Amino acid sequence: MVTFFKVDNWQTEDKFYTDSNGRETLERIKNFRPTWDYDATTEPIAGNYYPITTSISIRNLNQEFAIVTDRAQGGSSNANGEIELMVKKILIF
């Protein structure tokens, strides 16, 4: 299940912030890795998902939109002003 959150008219410059196992906040940049050259053609969406254990946020000038989660999820910001959260659910009928 994927949940989208969108804040209209926000320019986030392809940056978003995630927690690092609940300890510190790390800046993430879409399609960029600081220690190696990232090829976005192989996995353009999944390659920008990160584990979220407590929070994910986006910033616009002097404002911040943050989501605090109650369980571990995958998260990303694939467009300006958007946050995606994904929870793996198994349905058994």
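What is the residue count in the range 60-78 for residues that are assigned to a loop (DSSP other than H, G, I, E, B) and more than 15 Å from VAL2 (Cα to Cα)?
We begin by selecting, within the range 60-78, every residue assigned to a loop (DSSP other than H, G, I, E, B); these are 61-62, 69-72, 77-78.
Restricting the remaining residues to those that are more than 15 Å from VAL2 (Cα to Cα) gives 61-62, 70.
Matching residues across the range 60-78 total 3.
Could you tell me which residue of the range 79-93 is farthest from the chain's Cα centre (by Cα), considering only residues that are surrounded by 12 or more Cβ atoms within 10 Å (Cβ to Cβ) and part of a loop (DSSP other than H, G, I, E, B)?
Start the filter on the range 79-93 by keeping residues that are surrounded by 12 or more Cβ atoms within 10 Å (Cβ to Cβ), which leaves 79-87.
Keeping just the survivors that are part of a loop (DSSP other than H, G, I, E, B) gives 79-81, 87.
Values: ALA79: 10, ASN80: 11, GLY81: 11, VAL87: 13 Å.
The qualifying residue farthest from the chain's Cα centre (by Cα) is VAL87.
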### Query
In the range 35-78, which residue that is in contact (Cβ under 8 Å) with a residue 60 or more places away in the chain and closer than 16 Å to ASP14 by Cβ is surrounded by the fewest Cβ atoms within 10 Å (Cβ to Cβ)?
PHE65
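The numbers here are math on the coordinates, done by the rules we state, and not lab data. The structure displayed is predicted, hence computed values, not measured ones. Cβ atoms come from the backbone with ideal geometry, glycine included; neighbour counts cover every protein chain shown.
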